[in-house]
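A short worksheet on the structure shown next.
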Amino acid sequence: MRPLNLIKTILIEGNIGVGKSTIMSHIASNYSSNLVQVHREPIENWMNIKGFDLLKALYTESNRWTFTFEMTALLSRIKTHTNAIHNHHIH
């Protein structure tokens with residue numbers, strides 16, 4: 001395990017379909033998991049929130065669902081990041 005002061009977080013941001021997942025897959029497959037851990041967006045969770053597909057709702061009624069989706073996405077990223085810090089799995 002690396003000392004906490006050496007742990008770095010790198011966020012990859014971009015619009016839908018620009019290749020964020022492709023870059024993350026490339027990083028994950030080309031670097032040791034001792035050096036890098038990739039935490040992807042929980043898209044499947046956004047597609048089933050108590051049976052409601054928020055991602056589909058965003059695409060079909062963006063004016064209605066954009067804020068809700070952005071807050072849900074933000075909270076899920078915070079949860080992923082917090083869990084990784086707690087488990088010392090951020091590299």
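A few points about this structure:
- Listed conditions (1) more than 24 Å from MET71 (Cα to Cα); (2) surrounded by 11 or more Cβ atoms within 10 Å (Cβ to Cβ); (3) among the polar types (S, T, N, Q) are all met by ASN30, apart from (2).
- Restricting segment 41-65 to residues that are among the acidic types (Asp, Glu) and not in a helix (DSSP H, G or I), the residue that is farthest from LYS79 (Cα to Cα) is GLU61.
To keep it simple, each residue is scored yes or no on (1) within 11 Å of the chain's Cα centre (by Cα); (2) at pLDDT 80 or above.
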position	(1), (2)
LEU4	no, no
GLY17	no, yes
ALA28	no, yes
HIS39	yes, yes
LEU58	no, yes
LYS79	yes, yes
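- When each of THR68, THR80, THR72 is tested for being in contact with a His (Cβ under 6 Å, 6 or more places away or on another chain), among the β-branched types (Val, Ile, Thr) and not in a loop (DSSP other than H, G, I, E, B), the lone residue that passes is THR80.
The values are calculated or read from the model by the stated rules, or taken from the named source; none is laboratory data. The structure presented is a predicted model; accordingly, all values stated were derived computationally and were not measured. Here the Cβ is made from the backbone with ideal geometry for all residues, glycine too, and neighbour counts use every protein chain on show.
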